[in-house]
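Below is one structure; the comments refer to it alone.
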């Protein structure tokens, strides 16, 4: 087993799901995009379903097909638009889809008619995200188009919120306008004599801050992986726990003299004699290169600075003069007793999704369930 590993705490996932279910009282859809944000989609899918999640969501046809091949039978919702040549596999894998335009709906109908399968569609309404989906005014027209087809079924109606993770007044106003437009579109679908199916809109921010967005189902993403919305001031009631703990080991230790520089570019110089430890983890493993001279890892129960530039496969840590640490001792890069990936993301001006998604496949995932 490689020294650098990612421990995935499945017990934390179960606790996070329970918190969301208790708070909202709604069905939960868990996004498993990008191999479950780098955590491992199949293992997390099994745990999530056992913990009461009703829907799974993916970004690509291949991701959904992989879940089916792994034995997952629960509803899988495709969140992105595939190429025409992928629709056959989509239908064969019995995926549900987001659709918000006539051309795509027609392509789905043709495939359904050809194979004799009835494809379940969630009508996507664009209320302000500006990504995919129809206008609210077009929603009743497309909903009727789907409902009237013998090959298609309107399984749901959805939108996505752009700034629900912010409590700024202008962002709250925008989110409320999105929810008003969405609710009106849903009522328009009903007025056209069509059942809108499962109505859903709430992402992590909306689960946390907007009970009016919960409808029939919620789709919290990063919240289930253990990270609060960007504006954490309203998240005290949901004490979610991060799933990922990234660890490595000291594989080389040496003393250096005052004035010695470390790593490429000589960006760090020892102010006094100290001991440097080398870790077999670098930016090729997903440890951001920008963390050199800024991030502190947990080693020997103390937070210690990564020094010099992060290399492709290695990085160095200042152990001080009397740490008592030895070669092969384990250290924690983030999570566990160390600051979590959300704090790392804030330091880098990004989001925790990017940190966990970028932990490379060559880093083994070890699944832990203490429950």
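The values are calculated or read from the model by the stated rules, or taken from the named source; none is laboratory data. Because the structure is predicted, anything quoted here is derived from the model rather than measured. All Cβ positions, even for glycine, are placed from backbone atoms using ideal geometry, and neighbour counts span all protein chains on display.
Where strands (runs of 3 or more DSSP E) sit wholly within segment 46-155, those with at least 3 residues that are free of Cβ contacts under 8 Å to residues at least 40 places away in the same chain and buried (at least 22 other Cβ atoms within 10 Å of the Cβ) occupy 119-124.
Against the test of being part of a loop (DSSP other than H, G, I, E, B) and in contact (Cβ under 8 Å) with a residue 40 or more places away in the chain, the options 271, 258, 241 yield a single qualifying residue, 241.
Residue 285 satisfies every condition listed in (1) over 25 Å from residue 364 (Cα atoms); (2) under 25 Å from the mean Cα position of the chain (by Cα) except (1). Here residue 290 meets each of (1) touching a strand residue (DSSP E or B) at 6+ places or on another chain (Cβ under 9 Å); (2) outside any loop (DSSP other than H, G, I, E, B) with one exception, condition (1). Output the residues belonging to segment 187-206 that are surrounded by fewer than 23 Cβ atoms within 10 Å (Cβ to Cβ), in contact (Cβ under 8 Å) with a residue 24 or more places away in the chain and part of a helix (DSSP H, G or I). 188, 191 - these are the residues of segment 187-206 that are surrounded by fewer than 23 Cβ atoms within 10 Å (Cβ to Cβ), in contact (Cβ under 8 Å) with a residue 24 or more places away in the chain and part of a helix (DSSP H, G or I). Filtering segment 296-341 to residues that are closer than 13 Å to residue 282 by Cα and in contact with a strand residue (DSSP E or B) (Cβ under 7 Å, 6 or more places away or on another chain) leaves 306, 307, 308, 314, 315, 316, 317, 333. Only residues that are out of contact with any strand residue (DSSP E or B) (no Cβ under 6 Å at 6 or more places or on another chain) and under 30 Å from residue 18 (Cβ atoms) were counted in segment 75-97, giving 3.
Taking the criterion of being closer than 28 Å to residue 229 by Cα and not in a strand (DSSP E or B), would at least one residue in segment 315-336 satisfy it? For segment 315-336, residues closer than 28 Å to residue 229 by Cα and not in a strand (DSSP E or B): present.
Summed over segment 170-185, the residues that are over 26 Å from the mean Cα position of the chain (by Cα) and either in a strand (DSSP E or B) or crowded, with 23+ Cβ neighbours inside 10 Å (or both) give a count of 1. Pairs are defined by a Cβ separation below 6 Å, a sequence spacing of at least 6 or placement on different chains, a first member in segment 3-20 that is closer than 30 Å to residue 252 by Cα and assigned by TED's automatic domain parsing to the domain that holds residue 53, and a second member that is in a strand (DSSP E or B) and at pLDDT below 95; no pair meets this definition. Being over 19 Å from residue 221 (Cβ atoms) and touching a helix residue (DSSP H, G or I) at 6+ places or on another chain (Cβ under 7 Å) is a description that applies to residue 111.
Residues checked against (1) surrounded by 18 or more Cβ atoms within 10 Å (Cβ to Cβ); (2) touching a residue at least 60 places away in the same chain (Cβ under 8 Å); (3) in the same structural domain as residue 44 (by TED's automatic domain parsing):
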position: 301; (1), (2), (3): no, no, no
position: 313; (1), (2), (3): no, no, no
position: 321; (1), (2), (3): no, no, no
position: 327; (1), (2), (3): no, yes, no
position: 342; (1), (2), (3): yes, yes, no
position: 360; (1), (2), (3): no, yes, no
position: 363; (1), (2), (3): yes, yes, no
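Answer yes if at least one residue in segment 160-169 is without any contact (Cβ under 8 Å) to a residue 40 or more places away in the chain and in a helix (DSSP H, G or I), and no otherwise. Scanning segment 160-169, I find at least one residue that is without any contact (Cβ under 8 Å) to a residue 40 or more places away in the chain and in a helix (DSSP H, G or I), so the answer is yes. For segment 223-233, the criterion of being surrounded by 17 or more Cβ atoms within 10 Å (Cβ to Cβ), in contact (Cβ under 8 Å) with a residue 24 or more places away in the chain, in the same structural domain as residue 44 (by TED's automatic domain parsing) and not in a loop (DSSP other than H, G, I, E, B) is met by none of the residues.
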